[in-house]
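Q: Pasting a structure here, questions to come.
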């Protein structure tokens, strides 16, 4: 279940929801997207593609844990298409 991140930054009166499980970005080992805010910032800094505006819009309009879950799925699919998604190995 996605819940607001404790002590999160409040923007436009809405909490920043967690991205769970986090998304790891290929080529940037320290870049792990753990929140909707981080995801939106990453998309804004990324090279624009045909789908980028829709993904960014979805992230910017998250208002509930359910919205966050749907936005995460769309973001994950886009990251995979752009070969930006690093899938960490399963723990042994």
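The values are calculated or read from the model by the stated rules, or taken from the named source; none is laboratory data. Just so it is clear, the model here is predicted, and its values are computed rather than measured. Backbone-built Cβ (ideal geometry, glycine too); neighbour counts: all protein chains shown.
Q: So which of 39, 20 ends up being at pLDDT 95 or above and within 18 Å of residue 80 (Cβ to Cβ)?
A: One residue alone meets the criteria, 39.
Q: Another question about this same structure. Being without any contact (Cβ under 8 Å) to a residue 60 or more places away in the chain, surrounded by 14 or more Cβ atoms within 10 Å (Cβ to Cβ), within 16 Å of residue 20 (Cβ to Cβ) and out of contact with any strand residue (DSSP E or B) (no Cβ under 8 Å at 6 or more places or on another chain) is the filter here; which residues of segment 41-92 pass it?
A: Across segment 41-92, the qualifying residues are 59, 71, 74.
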